[in-house]
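Engineer: If you scroll down you'll find the structure; I have some questions about it.
The values are calculated or read from the model by the stated rules, or taken from the named source; none is laboratory data. For clarity, every value in this text was computed on a predicted model and none was experimentally measured. No Cβ is skipped: glycine too gets one built from the backbone with ideal geometry, and neighbour counts run over all protein chains shown. Heads up: the accessible areas ignore ligands, DNA and RNA and are worked out on the full protein's heavy atoms, side chains in. Shrake-Rupley method; radii C 1.70, N 1.55, O 1.52, S 1.80 Å.
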Amino acid sequence: MIYLENELVACQKCKLEVEGMAEKGILTPQELKILKHPRRILEANYPVRMDDGSLKIITAFRVQYNLNLGPGKGGIRFHPEVDLDEVSELAFTMALKTSLTQLPFGGAKGGVRIDPKDFSESELERISRGYVREFWKFLGPKTDIPAPDVNTNSKIMAWMLDEYEKIVGEKSPAFITGKPVEDGGSEGRDKSTAMGAFYILQEEYKEIENKKDISVAIQGFGNAGSVIAELLDEAGFKVVAVSDVSGGIYNKDGLDISSLKKFVYEEKNHSVILFDGGEEITNGELLTLDVDLLIPAALGGVITRENVDEVKAGKILELANGPISVEAEKILEERGVVIIPDLLANAGGVIVSYFEWLQNLDNEHWSLEEVNEKLKEKILLAYKKVKELSEKENLSLKKAAYKIAAKRIIGAEKV
Ligand code: GLU
């Protein structure tokens with residue numbers, strides 16, 4: 001955390017983004033003030049008992065960037081490099097995302113600074129429960145509703161919910177989303193991030209009859225990356241490359257995605273690089289492949305000043321949060337590369353989280369068809385609004401999305 005010109009700045013990228021909007025006249029100086037800083041920052045350093053009896057201090061955060069439109073909403077990620085700057089930036093994106101998609105939520109994010117691979121299952125459970133004990137006073141169905149993010153899943157959500165319910169002494173499934181279906185989770189939540197992006201891509205490429213002509217490279221083969229690979233493959237797109245933390249594979253004629261998924265998940269081979277159906281490439285090489293569509297679906301900050309000149313894709317869909325740095329974005333825009341921004345492209349996750357929250361509050365259970373139908377409607381409405389504004393005012397999709405989202409947040413400010 002640093003002070004700049006006597007102002008506390010917890011997120012350099014948010015500052016750059018909003019100042020960029022102010023320079024372009026999208027935000028007035030007064031509006032800039034509202035969006036430049038996170039509203040509330042929480043940090044905890046709490047002890048957790050390890051299996052060998054020792055104690056470890058766990059550092060964790062929750063940032064509520066803006067609460068103008070409703071309770072905070074946003075996932076919790078477990079990652080060794082999580083810090084306040086990153087969590088603030090992600091909370092900022094969540095605030096814009098919920099605003100753009102017209103959800104009755106503000107934007108928040110949580111992070112735990114650990115590598116989950118270093119811990120046993122029971123240690124992870126104690127870390128997860130500890131997180132709730134630290135922050136529960138600032139969380140709740142009408143206050144701030146967590147969800148999964150990088151390296152967290154429905155099992156972790158179930159532990160967190162159980163801890164919360166023990167503390168408050170009542171059933172409260174709307175406290176957290178992304179739960180297992182048997183604990184009040186929604187149908188379709190697990191695939192919703194990729195599903196939302198898929199609906200957008202169907203619309204984006206609706207004029208192209210033969211989808212085999214569209215080559216796609218996807219960085220990441222986890223919950224978002226593997227599902228979008230499968231959906232695109234089934235719809236006839238040519239997925240030529242995918243990767244995970246260990247590296248990637250490439251086949252110019254297209255990969256056999258259903259066999260690859262089976263190989264990684266059912267046969268538990270854990271990495272795509274061992275699959276015998278393409279040549280091995282690095283994650284860096286995947287980003288610079290000459291493809292029609294590039295989908296970064298893993299971590300943030302992967303396309304930067306350093307590698308942007310090498311990027312050859314004509315279109316980029318940001319399925320991860322913040323994969324393109326502010327500088328790289330400027331360069332890509334100047335080159336005419338179309339960027340479908342994260343706050344739109346990956347909003348399917350939080351949209352279905354909203355449906356889950358509604359079902360919990362109303363004690364209902366919707367079918368998968370109903371969830372997907374509503375998701376499609378909501379995400380395409382946001383997509384169309386962004387497209388319209390970008391054409392009308394000659395803005396990139398990213399700037400148009402930011403403008404719509406920022407204005408709605410600012411319009412709800414009560415001073
Ligand atoms: N972590 C997801 C995101 O970045 C989902 C958040 C949520 O469902 O609240 O959008």
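Engineer: Scan the stretch 218-234 for residues that are surrounded by fewer than 24 Cβ atoms within 10 Å (Cβ to Cβ) and either at pLDDT below 95 or within 15 Å of the chain's Cα centre (by Cα) (or both) and jot them down.
Structural biologist: Those that are surrounded by fewer than 24 Cβ atoms within 10 Å (Cβ to Cβ) and either at pLDDT below 95 or within 15 Å of the chain's Cα centre (by Cα) (or both): Gly222, Asn223, Ser226, Val227.
Engineer: Checking the condition in a loop (DSSP other than H, G, I, E, B) and either touching a helix residue (DSSP H, G or I) at 6+ places or on another chain (Cβ under 8 Å) or over 25 Å from Ser226 (Cα atoms) (or both), which residue from Arg189, Arg129 passes?
Structural biologist: That would be Arg189, the only listed residue that is in a loop (DSSP other than H, G, I, E, B) and either touching a helix residue (DSSP H, G or I) at 6+ places or on another chain (Cβ under 8 Å) or over 25 Å from Ser226 (Cα atoms) (or both).
Okay, residues lined up against (1) aliphatic (A, V, I, L, M); (2) buried (at least 20 other Cβ atoms within 10 Å of the Cβ); (3) not in a loop (DSSP other than H, G, I, E, B):
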site	(1), (2), (3)
Gly185	no, yes, no
Met195	yes, yes, yes
Ile200	yes, yes, yes
Lys206	no, no, no
Val216	yes, yes, yes
Gly236	no, no, no
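Engineer: Is there any pair linking a residue in the stretch 28-50 that is closer than 17 Å to Lys13 by Cα to one that is part of a helix (DSSP H, G or I) and acidic (Asp, Glu), with Cβ under 8 Å and at least six apart or on different chains, and which?
Structural biologist: Filtered contacts from the stretch 28-50: Leu32/Glu19; Lys36/Glu19.
Engineer: Could you please let me know if Ala313 is at pLDDT 95 or above, assigned to a loop (DSSP other than H, G, I, E, B) and small (Gly, Ala, Ser)?
Structural biologist: So Ala313 fits the description; yes.
Engineer: Only one of these conditions is not met by Gly322: (1) surrounded by fewer than 16 Cβ atoms within 10 Å (Cβ to Cβ); (2) outside any helix (DSSP H, G or I). Which number is it?
Structural biologist: (1)
Engineer: What about Pro146, is it outside any helix (DSSP H, G or I), at pLDDT 95 or above and open to solvent by 10 Å² or more (accessible area, probe 1.4 Å)?
Structural biologist: no
Engineer: Read through the list (1) modelled with pLDDT of 95 or more; (2) within 16 Å of the ligand (Cβ to nearest atom); (3) within 21 Å of Ala406 (Cβ to Cβ), then give the number of the only condition that Ile339 fails.
Structural biologist: Among (1) modelled with pLDDT of 95 or more; (2) within 16 Å of the ligand (Cβ to nearest atom); (3) within 21 Å of Ala406 (Cβ to Cβ), Ile339 violates only (2).
Engineer: Against the conditions (1) open to solvent by less than 20 Å² (accessible area, probe 1.4 Å); (2) within 13 Å of the ligand (Cβ to nearest atom); (3) part of a loop (DSSP other than H, G, I, E, B), where does Leu344 fall short? Just the number, please.
Structural biologist: Leu344 satisfies all of (1) open to solvent by less than 20 Å² (accessible area, probe 1.4 Å); (2) within 13 Å of the ligand (Cβ to nearest atom); (3) part of a loop (DSSP other than H, G, I, E, B) except (3).
Engineer: Just one of Glu318, Glu327, Glu356, Glu364 is acidic (Asp, Glu) and modelled with pLDDT under 95; which is it?
Structural biologist: Unique residue meeting the criteria: Glu327.
Engineer: Would you be able to tell me the number of residues in the stretch 133-160 that are more than 16 Å from the ligand (Cβ to nearest atom) and closer than 16 Å to Phe61 by Cα?
Structural biologist: Total meeting the criteria: 4.
Engineer: Somewhere in the stretch 347-358, is a residue under 28 Å from Arg189 (Cα atoms), open to solvent by less than 70 Å² (accessible area, probe 1.4 Å) and away from the ligand (no atom under 16 Å from the Cβ)?
Structural biologist: Checking the stretch 347-358: not a single residue is under 28 Å from Arg189 (Cα atoms), open to solvent by less than 70 Å² (accessible area, probe 1.4 Å) and away from the ligand (no atom under 16 Å from the Cβ).
Engineer: Of the numbered conditions (1) more than 24 Å from Lys385 (Cβ to Cβ); (2) touching a Gly at 6+ places or on another chain (Cβ under 9 Å); (3) within 16 Å of the ligand (Cβ to nearest atom), Cys11 satisfies every one except a single condition; which is it?
Structural biologist: Here Cys11 meets the rest and fails (2).
Engineer: Next question. In the set Glu377, Glu327, Glu369, which member is open to solvent by 60 Å² or more (accessible area, probe 1.4 Å), under 21 Å from Tyr205 (Cβ atoms) and assigned to a helix (DSSP H, G or I)?
Structural biologist: Criteria check complete, one pass: Glu377.
Engineer: Go through (1) surrounded by 24 or more Cβ atoms within 10 Å (Cβ to Cβ); (2) more than 11 Å from the ligand (Cβ to nearest atom) for Leu90 and report which single condition fails.
Structural biologist: Checking Leu90 against (1) surrounded by 24 or more Cβ atoms within 10 Å (Cβ to Cβ); (2) more than 11 Å from the ligand (Cβ to nearest atom), the one that fails is (2).
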